[in-house]
Structures are given as structure tokens and as C-alpha cells.
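Worksheet: one structure, shown below.
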Amino acid sequence: MDLAGKEILPGEVLPVVIIGNGPSGICLSYLLSGYTPYLSPEISHPNPLLYSKLVEQPHLPLLEQDLEYLCEGLEGRSSNPVAVLFDSLLLPNSDFGLDCTSPLEWRFEAERAISHLVLGKGPPGGAWHAMEGSMLTLSLANWMELPGLKLKDWMRDKRRNVRNDRATPAEIASYYQHYISQMCLEQNFAPGTTVTSVTRQHVGQEGSPSYWRVSGFQRREAQVVEDGSSEPEEVPFSILTQNVVLATGTHDVPARLGVEGESLPFVCHSFWELEAAIARGELDQSSDPLLIVGAGLTAADAILTAHHLNTPVYHVLRRSVTDPGLIFNQLPKLLYPEYHKVHQMMTQQQYRPSPSPPDQAQNLHTFSTPSLSSSLRPPSSSTNTSSPTSSYLGYLSFPRHRVVAFKPDRKCILESSSGQQTVIQVSKALVLIGAHPNLSFLEENGRPLGINPHETITCRRNPIHVDPFTNNVIAAEGPGMYAMGPIVGENFVRFLKGGALAIACDLSKRSKNGR
């Protein structure tokens, strides 16, 4: 949809604007477009308690039922009750590795459709278009699918095979784009749009209703001029809406360590910067080690990428390798062999400094530059679990360490949990410790909307505070603001669909009541 200079005229108010066109926004658009879930008369649910509740009013669509009542007694891997409910209905007994048929049947009912607009910076699919195309997703492939279109069926039509029941991000991004086309949702999407402001605004005389004004610009290709060149132009838009949904995800702003020298040119904060450095030929087996900071799966992907190039790696993480909170200790070995390999590297190739001499004033050890054989050697004053016969030459982990400072000469100062410091020489540093959502279009970057209104909004530590059964933002300036997806703590596609159900259900009931 082209928003070229779009300014809603007085009296024209769009019912819903969704900010974010990733899987959250796509799923909500599907539900708002008239696609309605009903209990199938032919299929039961393996949970007898839930099924007994569903058959009490089998003629009612799920959007008109009492979600809180249906959620009672359900348990799952999400803290969001509606997410557990919807996941249980879409993928019954999925946690047990079973592929049970969903008891839901989807009917298209045009009279239930609610007019809406989905805004996104890039093509529909959100951050999945920016992810590395050859890696495998953490989630099982069917956990990534959206209602109404089986991912495996789509991949079979494309003559692709799902490896180990997992797919690549490129395949998932393509699936989401196909989903929009298959479900005829294109008219609801406005790609290339950046939202710069969301404010509460009164329209008309005092005492008249107030709405949300969503403003920003849409990037589109300009017309080709005489010399054959063209420059993309940014066309402003301003829209009034009764309801605004925040579905921005959390991949916009990489998290930072906040230490000295972090802005130096050799310090990067995204996997894509690593790819660019590799493409420029800046990293190979003769390079000084690449420092990777972080203990998540993106850090693991970076380690695997560097290991494939025989580029030596120093890996710094705050946790112990045996910490049960470490993601690697939570993944089945057979399903995630590549991440199990990284965990083995972390465990077998740990840096263990020897006790420091009592008269050493600063308790500082210098780590020698590795040899060109890409086998990292510990300093002479320390011991290490690695050996010349190790399968993981060229890698060394620093568990329970943190970065204290980056220096212009590409030296980095590390500090252990006991306070001992080590200096290492690196070629580049890659800080992969998560990301924050970009909520710059909200007052104070959305901080007042968090569970802790004095802290920055983050997915894990301080998500936006919402009602668990409607996803209404508790501290919003006025009614009609919702949030869903990672910014409310739901990182996995499997569970963020519950937020779409909660919002669609609330909007449907409000629409039915004439509000």
C-alpha cells in the first residue's frame, strides 16, 4: 500500500494501525481480516479439561469466548496464559514431540473483518529478512508457522526438505511473504514505512473523542530522471486511529556493554558486521583472534562462522558453562548438534589463570598473540584445559569474565569474577549480548510503559506491561493501545500468536459492543 502524503481527513479514523510487520503483525492481520477460528465438530482435543470447556459453546467462535476461563488450568512453556491456550489449540501436545491435528477450523467471515493497516520498515516478515540465510532456526519448523497454512506443506510444494524438522531463516522469511499473498492480506500492508511519532490527540471540540495519531514517512522509489538515475524519496504520512498495536520486535537497537572504548572502529555489535568483515577479507586463519562477547545463540552462530574460516576466537561470557540458565544447557543434543558443539568448545577450551604472585600490584596478566597455526596458546603464567590434540584448536573461552575496556591498539582488558584482569590482543571484537526495541516514536522511548517505568524497555528484564488476557498496555495514555510479541516478553513465534488472539478477541468484543 502506498501512503504517499496520506493525511486522514477530519472525521476519518482508521480502526487499527499495527506498527511492525513481522510474524506478530502478520498473524494479527490474519485474524482481523475475517479469518475466524471455530471448534471443529470432527476433532477432539487431547486435554479433556480444555475440550470440555470448548464444547460448552461449540457454535461460538474462539474470538467470542471467555479466554480467561479457557486458560484456567493450562500449563506450558510461556508465562502468557493466552499464548499457552492458542499454542495448545494450534499444536496440541507439541511439547511431547507429537503432531496432533488441531481441533480448530478456520472460516472466512467477511462481516467480522476490522479495517487495519500494518506498517513496517522492510518487507513483511520483519527481522527474518535480515537474518543469516543458511543457519537453522532454533524452533521446530511447525512452531514457526502461522494459522491456516502449514509450513511443511508449503515447503513440500516448493520441493524443499525440512532438515531435522528445522528451517533456515531465509525459508521462514519467504514463507511469511507467501502467507500474506495466499491469505490476500497485501492490501493491509505498507512496507518501507518508518513511524516517528505516536501521540494521543483530541479531534474536534472539547469533549469529543480522542484518538491515536501515527506519523512518519514511507520510503519509495522516485521517478527516473533524464540521466537515468533515481533517488528514493521519503513521503510523510499522518494517520488517526482508534487503536494502535505495538509489534516492533526487539532487533532494532543492539545492546551495548557501556565500557570504555566500545565505540572504537574495531568493535562491532551485530552478526552482519562480522559477515561484512569476512566479505572484505579482514578475517582468516592468520588474523589475530576475533573476540566474541555473549552467551546466546547469535554468539554461537558467530563462533561457528569464525571456526569454519579457521579464524581464532576468544569467547567471553559472564556465566559459568555449567550454569543451568545458559541456553546451551537447555537444548536437546540430538536436535541442535551445532550448538552442542559450541558448548563442548566452551567447556573443553576454558582459560584458567594460575594464582597471581602476591607482590603483583595490579594482578594483571598479558595474553600472548596466538601463532599463525590458529592454535591459541595460554600465557606462560597460566594453565589451560586445551591441548595440542584438542579438536577445537583456535578457540578459547573465558567463562565468568567481563570486558572492562577496549583500547585503540586493539587490546581488550578482561576481568574475571574474582577480580583478576587479563589483556588480550584481537583483530575485531563482536559484542552480541542481545538487542532492544526501537520505541523512539513514543515519549521517553516507551519507558513509562514498562513493568518498571524507570528502566529501559527490554524483552527479558523489563517488557511492556500488558493485561494478560487482552494485551492492552496498562500504563498507556489512553484506551486502545496494545502491545504484542518480543516487547511483551514473547520471543518465539510459537507463542507470540497468543498475543494476536488476545488483541483480536478484545477488538472483536469492543466492536460488537459499539465501542
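Considering 418, 511, 440, the condition of being open to solvent by 50 Å² or more (accessible area, probe 1.4 Å) and not in a loop (DSSP other than H, G, I, E, B) is satisfied by 511 alone. Among residues of the range 277-291 that are touching a residue at least 40 places away in the same chain (Cβ under 8 Å), those with a Cβ under 8 angstrom from a residue that is of a type in the set (Lys, Arg) and open to solvent by 50 Å² or more (accessible area, probe 1.4 Å), sequence gap 6+ or separate chain, pair up as 288/410.
Scanning the range 426-478 for residues that are among the acidic types (Asp, Glu) and modelled with pLDDT under 95 turns up 443, 444, 455, 477.
Looking at the structure I just gave you, is residue 60 surrounded by fewer than 14 Cβ atoms within 10 Å (Cβ to Cβ), over 30 Å from the mean Cα position of the chain (by Cα) and under 13 Å from residue 505 (Cβ atoms)? Yes, satisfied.
If you go through the range 329-354 and keep only what is outside any helix (DSSP H, G or I) and either of a type in the set (A, V, I, L, M) or in contact (Cβ under 8 Å) with a residue 40 or more places away in the chain (or both), you end up with 331, 334, 335, 336, 349, 350, 351, 353. Consider the range 233-269 and keep the residues that are within 18 Å of residue 122 (Cα to Cα) and assigned to a loop (DSSP other than H, G, I, E, B). The one that is most open to solvent (accessible area, probe 1.4 Å) is 251. May I ask you to list the residues in the range 42-74 that are in contact with a helix residue (DSSP H, G or I) (Cβ under 6 Å, 6 or more places away or on another chain) and more than 14 Å from residue 103 (Cα to Cα)? Hits for the range 42-74 are 63, 67, 70, 71, 73, 74. Restricted to the range 21-119, the set of helices (runs of 4 or more DSSP H) holding at least 1 residues that are within 30 Å of residue 186 (Cβ to Cβ) comprises 23-32, 67-71, 81-90.
Return the total of residues in the range 123-142 being open to solvent by less than 30 Å² (accessible area, probe 1.4 Å) and at pLDDT 65 or above. Matching residues across the range 123-142 total 2. Within the range 457-477, not a single residue is surrounded by fewer than 16 Cβ atoms within 10 Å (Cβ to Cβ), in contact with a strand residue (DSSP E or B) (Cβ under 9 Å, 6 or more places away or on another chain) and outside any loop (DSSP other than H, G, I, E, B). So, residue 483, is that one over 12 Å from the mean Cα position of the chain (by Cα), over 19 Å from residue 214 (Cα atoms) and not acidic (Asp, Glu) or not? No: the conditions fail for residue 483. Does the range 389-412 contain any residue that is surrounded by fewer than 17 Cβ atoms within 10 Å (Cβ to Cβ), in a strand (DSSP E or B) and not hydrophobic (A, V, I, L, M, F, W, C)? The answer is yes, given that some residue of the range 389-412 is surrounded by fewer than 17 Cβ atoms within 10 Å (Cβ to Cβ), in a strand (DSSP E or B) and not hydrophobic (A, V, I, L, M, F, W, C).
The values are calculated or read from the model by the stated rules, or taken from the named source; none is laboratory data. Everything numeric in this text was worked out from a predicted model, so none of it was measured. All Cβ positions, even for glycine, are placed from backbone atoms using ideal geometry, and neighbour counts span all protein chains on display. Just the protein is used for accessible areas: all its heavy atoms, side chains included, with ligands, DNA and RNA removed. Shrake-Rupley method; radii C 1.70, N 1.55, O 1.52, S 1.80 Å.
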